[in-house]
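Below is one structure; the comments refer to it alone.
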Amino acid sequence: MFKKMVMILVLLLAMPAFANAWYVNAKTSPTSGAGTITPSGNRTYAAGVNSEEFTVTPAPGYTLSRVTLDGVAIAPNANGKYVAPYVSTLTWRYMVAVFSAGTVNITTSVTSGGAIREANYLSLTSIPVGSTRTLLVLPNSGYEISTLTASGTPSVTVQGDGSRLVTYNNLQANQSVTAGFSLIPIVVANAGSDVTTTGTGAAYATTLFGSNSSSNQGAINYQWSGPAALMFGSPTSANTTVYSDIPGDYTATLTITSNGITRSDTAIVHVVTRNSYLVSQCTTCHSGNTTALVGLYNSSPHLETNACQGCHTDSPHVALPSPNVCADCHTDTSRHPFEITDTCTSCHNSHSTVVGATAMPDGLHYNNITTGMYPASFVTSRAACANCHNNTISNKAIRIQWRAARHANITSMGWIARDFKTLNGCVRCHTTTGFIAYSTGKVTAAWGVAADKTKEVLTCIGCHSDSVSGAVRTMAQVAPYPDNSFVTPDTGKSNVCLPCHSGTSSGESIKALLQAQADFGNTGFVNPHYKAATGSLYGVAGYHFSGRSYTTEATHNHLGISDGGGACVSCHRNSMNGHTFQGEVTPVCATCHGTSLDEASLHVDHNYFLNALEVLRAQLAAKGYAYSLTSRSFNATNWGAGQGGADTMGAAFNYALLVSEQAAFVHNPKYAQELVIDSIDYLDNGQFDDSVAGTVQALLDSGAISQEVADSFGTYKQKNICLSCHGGDATTSRPMASNGHPSHLSGAWGPQDYLRTQSSSCEPCHGNDFALHSNGTVNVSSDAGSSCANCHAGSVPAWNSTARIACEVCHSANPARLPNGVAAPSKESFATSGHGQFGASNQCTICHNPDSRHISGSLGTYKRLKLQNDNNLCASCHDSVVAQQMPTHHGLACVQCHDPHGNGNIKMVRGTIGTQSITYLNSLNNFVDQTTNKGLCQVCHSSTRYYRAGISESRHYTTGCLGCHFHYNPDGAFLPSGGACDSCHGYPPAPKNTATSFGSDSNWANARYEDYSGGGGAHLVAAHVSPFATTTDGWSNCTVCHNGGYHEMTTPVAEHIGNVTVMVDNSLRFADSFTVYTGAKLTNAGPNATGSCFNIACHMSPSIRWSTER
């Protein structure tokens, strides 16, 4: 006490010495870098000087917070200067200019159709002055930027996708960016497909369809135009009729206008005569199937005077003309050499080029044409009447039936395409004489000479060793294919049919070439030959792609075994069809099909098959492999290399096989379907990935196939062969509507999508053993290890139950498992550590739609979520602001870190994120494993400054990350929060060795220990910081001792102790003439390195040191 009194006395005695002068100490806070005060430092003024003006200037990026004079804030004068006036009672005046870092904001405004965001997900608020921000102006799909206004002078960059980047460098003031968006104009004229009239004149007009034209610009005005000869019914409508009185090809132009934008498109109108149109309806197919017949017709007078339908009035597809139809035109029969007792065509070939009086009668038995591809005849150099004729009533009936069969068709390509009697090998099937030699002694040598101008059909004596008794020739089993071990089975009478209806090559011949290392880049096409019904019936003729399974058994190949007739005779030579050998619905079919199969449904199935073949043809053509109708083959030689080349040729082989064996859809429908779909699937990308739907759409878009063909193929692909008989097909609403069938085959929640990818939806449960088919027993594989038992984990439910199966039955620790091995993902932790632990979300249907598509056979196809699988789904229940804020953290989605089904971790944190295993059982300590230095956040944090994966962290907190890095932060998810003292420190910081308690209400509730030696200081002193202080007090409790509150915030504090300063407000100093001790720089040299306070209102003498640890 004595010392203090002496010091005061000395001070009082010294004061008169300064009575004639006064002083100002002018400085800045912080002391450097933030701004200037001019003049600065200690200024001395003689007596009589009444005041001094000071100029205060902030540095770039800083603003002037306040100017204090002797601790009291003052305002500038009219000149913007700050004045220190002389006061007689004060020797020293203290002026301090306090600066703070400035911030600016960027506001954005948009119309619908786009958005504006910071390109790097940085904040657009509270931006430090001098910073750079780049804004991305992004139109939505189908929109473009119509207006863009930006304040200031930013740089604007137009990007390739139509977006723009607005960049502000060295921000000094608030800015704003406004953008407008508008639809990208899309106006498309579509005149539709080319059209063909059915004749000339208005009566045969066709329709042009422009209704597929489109515009997003509003209403469309239409205008059709063309040559003067082309007439339009509604030239200003979207669709219009069109015709011409003059045959020819015309170009019709459609011009559309929408919102001032004009577009046009054209279509070709083919105007044909009525007769030409009618003929084309037949020659579309017959030009390839009966080339010789069409050739004869084209050179006959009938071409110009009478269309096919003029004689074939029962068309389509009745081979013979209508009875007595000739008399409609040929009314004068007086010149006929004898009385007409039969139809004209019984003797006359109506398609012959030789007509009238010079025509040879009985043109079927004899032929007088010997040039070109001339017809065959019944009577040849080797024929005898007794081969077919005998004096019985049944014989005549048989001959009449046979006459209608293709075996007797004298213009069929099988008899006339070449002079087969002169060709080795060919004679065994394409001549009667050759077949007899082959069936009796396997002789295949040519037997005829070119000078003999007759060509044989297959007459009675070919199949029958005795035409009187009808005895069928005995035919031994044969191996019809090279490179294939298949041997025709013993089918009784049908043995006589199998050899010639096998084709000459199978797909194995292509594989043999591959084994022989053939160069598929220069190899001719391997042709399967024609009408290979045997090969399709037994599933052996096609090209079988490696790794794919094919149906080599069919129910139909078991027909007729019991009675010795065999499959061919049972269907094609029965009491209904006789010797016409027609393939149609017969009483034999009703044995299995009952009344469910009729000619109409058979015709529908045939069209499905033909349209599927059309898709395969178009896909081959798209790949550069065109099928020639003339040669009935492919002329290509470059098929690719190695296995790929073999597979490409194999796809072409399957087309050639099936397009000439169009009854394959009946003989072995499943096998035919497998060959067609596998071939299309392979051709699009060289893989079997069920991508045919995309292939069909691409062909449709290119115009290679019609919409009708595309739609038909979709039905054919999904067609379930079993369901053709058992309750409709798999795309209808009623397949197998009994018991559990709907759940399996039509319920979206069931396995229908998976089952449809199998060769048959029925096979997984019923097997595919056709030997057991129609045995009177329902064969079901439901034993242990079967598909049923594996799919239904636990016990198989009752078949007659229609109750839905609970989710947890399949998604359990013992999951359901499909026949292909894919198991239902286990969700066993749902009730304990997933959403199921909470009453509001303990049902799967909270997030998942129970009626959506489900089981596909591969994981991840259907998530069945009620909302899109992004943060919006989480936000529907959770704090929407939190959930929607997540993308600001590098586009992060909630489900990247959280597993809503649980796995044992708390907070539903995933057990594996990326490739890293995560254990998260404690929200405070499990953020990082102190041994491996890896944890939840370090999955991504592999190169950050602090808290880096695999690096021991001594410079930053390693626990409780969410205390500072909140899910939600207005500036961006997980960005460190705030900027006030309590963001990094406790409020207040507490020394580690304090004996004072804290952390409770009214007892420094928000205090926490500092993490470095000596940290915490003397904050837990009631006179320094009130025990009632809370974070809402802000800076007020700090700035008394930490004047201005500014310091560089760098961690760890222990290594940057010099940044922490104690600078008591000048107004609290006792006297400036004495040494001032205010500092915490215990590790630094200098006069203030005492760590104590002195010469202030609170401490006249030096206080105790801040830290007792030092």
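The values are calculated or read from the model by the stated rules, or taken from the named source; none is laboratory data. Fair warning: this is a prediction, and the values are worked out from it, not measured in the lab. Cβ placement follows ideal geometry from the backbone for every residue including glycine, while neighbour counts extend to all protein chains displayed.
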Just checking, how many residues over region 431-444 are in contact with an Asp or Glu (Cβ under 8 Å, 6 or more places away or on another chain) and assigned to a loop (DSSP other than H, G, I, E, B)?
1
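Say whether the condition of being in contact (Cβ under 8 Å) with a residue 40 or more places away in the chain, more than 30 Å from Y143 (Cβ to Cβ) and surrounded by 13 or more Cβ atoms within 10 Å (Cβ to Cβ) is met by at least one residue in region 170-179.
The first filter runs over region 170-179 and keeps only residues in contact (Cβ under 8 Å) with a residue 40 or more places away in the chain, leaving 170-179.
Checking which are more than 30 Å from Y143 (Cβ to Cβ) leaves us with 170, 172-173.
Next, from what is left, pick out any that are surrounded by 13 or more Cβ atoms within 10 Å (Cβ to Cβ): 172.
Yes, the conditions are met somewhere in region 170-179.
One line per residue, one yes/no per condition, for (1) in contact with a strand residue (DSSP E or B) (Cβ under 6 Å, 6 or more places away or on another chain); (2) over 13 Å from V166 (Cβ atoms); (3) in the same structural domain as S163 (by TED's automatic domain parsing):
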residue: V110; (1), (2), (3): yes, no, yes
residue: S123; (1), (2), (3): no, yes, yes
residue: I127; (1), (2), (3): yes, yes, yes
residue: T134; (1), (2), (3): yes, no, yes
residue: Y143; (1), (2), (3): yes, yes, yes
residue: S151; (1), (2), (3): yes, no, yes
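Just to be sure, is Y481 in contact with a helix residue (DSSP H, G or I) (Cβ under 8 Å, 6 or more places away or on another chain) and in the same structural domain as F545 (by TED's automatic domain parsing)? Lay out the reasoning, then the answer.
Details: in contact with a helix residue (DSSP H, G or I) (Cβ under 8 Å, 6 or more places away or on another chain): yes; in the same structural domain as F545 (by TED's automatic domain parsing): no.
For Y481, the condition - in contact with a helix residue (DSSP H, G or I) (Cβ under 8 Å, 6 or more places away or on another chain) and in the same structural domain as F545 (by TED's automatic domain parsing) - is not met.
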Do any residues in region 445-463 that are outside any helix (DSSP H, G or I) and surrounded by fewer than 23 Cβ atoms within 10 Å (Cβ to Cβ) have Cβ atoms under 7 Å from those of residues that are modelled with pLDDT under 90 and of a type in the set (S, T, Y), where the two are at least six apart or on different chains, and which pairs are they?
D452/S381; K453/T370; T454/S377; T454/T380; T454/S381
Does A831 satisfy the criteria of being modelled with pLDDT of 85 or more and not in a loop (DSSP other than H, G, I, E, B)?
yes
Please verify whether region 489-501 includes one or more residues that are more than 38 Å from the chain's Cα centre (by Cα), at negative phi, part of a loop (DSSP other than H, G, I, E, B) and without any contact (Cβ under 8 Å) to a residue 40 or more places away in the chain.
yes
Looking only at region 692-718, and only at residues there that are among the hydroxyl-bearing types (S, T, Y) and modelled with pLDDT of 90 or more, the one that is nearest to G547 (Cα to Cα)
T695
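Return a yes/no flag: does region 986-1004 have any residue that is within 30 Å of M886 (Cα to Cα), modelled with pLDDT of 75 or more, among the polar types (S, T, N, Q) and assigned to a loop (DSSP other than H, G, I, E, B). Even if it seems obvious, please write down each step before you answer.
Here is the first cut: in region 986-1004, the ones within 30 Å of M886 (Cα to Cα) are 986-987.
If we keep only those that are modelled with pLDDT of 75 or more as well, we get 986-987.
This time we only want the ones that are among the polar types (S, T, N, Q), so: none.
Looking for residues that are within 30 Å of M886 (Cα to Cα), modelled with pLDDT of 75 or more, among the polar types (S, T, N, Q) and assigned to a loop (DSSP other than H, G, I, E, B), one finds none in region 986-1004, hence no.
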Restricting attention to region 235-251, and to residues there that are more than 41 Å from the chain's Cα centre (by Cα), of a type in the set (S, T, Y) and not in a loop (DSSP other than H, G, I, E, B), which single residue is surrounded by the fewest Cβ atoms within 10 Å (Cβ to Cβ)?
Y250
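Within region 124-166, work out how many residues are in contact (Cβ under 8 Å) with a residue 12 or more places away in the chain and either small (G, A, S) or surrounded by 15 or more Cβ atoms within 10 Å (Cβ to Cβ) (or both).
We begin by selecting, within region 124-166, every residue in contact (Cβ under 8 Å) with a residue 12 or more places away in the chain; these are 124-140, 142-152, 154-155, 162-166.
Adding the requirement that they be either small (G, A, S) or surrounded by 15 or more Cβ atoms within 10 Å (Cβ to Cβ) (or both) leaves 124, 126-127, 129-131, 133-139, 142-146, 148, 150-152, 154-155, 162-166.
Number satisfying all stated conditions: 29.
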Here are some residues: H544, H579, H558, H606. Which one is touching a residue at least 24 places away in the same chain (Cβ under 8 Å) and over 26 Å from P480 (Cα atoms)?
H606
I'm told N424 meets every condition in (1) at pLDDT 90 or above; (2) in contact with a helix residue (DSSP H, G or I) (Cβ under 7 Å, 6 or more places away or on another chain) except one. Can you identify the failing condition by its number?
(2)
Scope region 252-277; condition within 40 Å of the chain's Cα centre (by Cα) and among the basic types (K, R); matching residues:
R263
Please specify each residue of region 218-234 satisfying the condition of being within 35 Å of the chain's Cα centre (by Cα) and surrounded by 15 or more Cβ atoms within 10 Å (Cβ to Cβ).
I220
Restricting attention to helices (runs of 4 or more DSSP H) lying wholly within region 503-579, give those where 1 or more residues are over 29 Å from H407 (Cβ atoms).
508-515
Quick check on region 412-434. Is at least one of its residues surrounded by 18 or more Cβ atoms within 10 Å (Cβ to Cβ), under 25 Å from V294 (Cβ atoms) and of a type in the set (F, W, Y)?
yes
One residue from S505, S465, S494, S485 being small (G, A, S), farther than 23 Å from H572 by Cα and modelled with pLDDT under 90:
S485
Within region 393-409, does at least one residue satisfy the condition of being modelled with pLDDT of 80 or more, out of contact with any His (no Cβ under 7 Å at 6 or more places or on another chain), within 25 Å of C285 (Cα to Cα) and among the polar types (S, T, N, Q)?
yes
Subset of region 674-720 that is small (G, A, S) and in a helix (DSSP H, G or I) - its residue that is surrounded by the fewest Cβ atoms within 10 Å (Cβ to Cβ):
S702
Might you check whether a residue that is in a loop (DSSP other than H, G, I, E, B), at positive phi and modelled with pLDDT under 95 occurs anywhere in region 172-189?
no
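Restricting to region 536-565, what's the tally of residues that are over 18 Å from A664 (Cβ atoms) and not β-branched (V, I, T)?
To start, the set of residues in region 536-565 that are over 18 Å from A664 (Cβ atoms) comprises 546-547, 560-565.
Add one more test, that the residue is not β-branched (V, I, T), and what stays is 546-547, 560, 562-565.
Going through region 536-565 one residue at a time, the tally reaches 7.
For every residue, the table says whether it meets (1) buried (at least 16 other Cβ atoms within 10 Å of the Cβ); (2) in a helix (DSSP H, G or I).
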| position | (1), (2) |
| --- | --- |
| P819 | yes, no |
| P825 | no, no |
| G836 | yes, yes |
| P850 | no, no |
| R853 | no, no |
| T861 | no, no |
| L873 | yes, yes |
| P900 | yes, no |
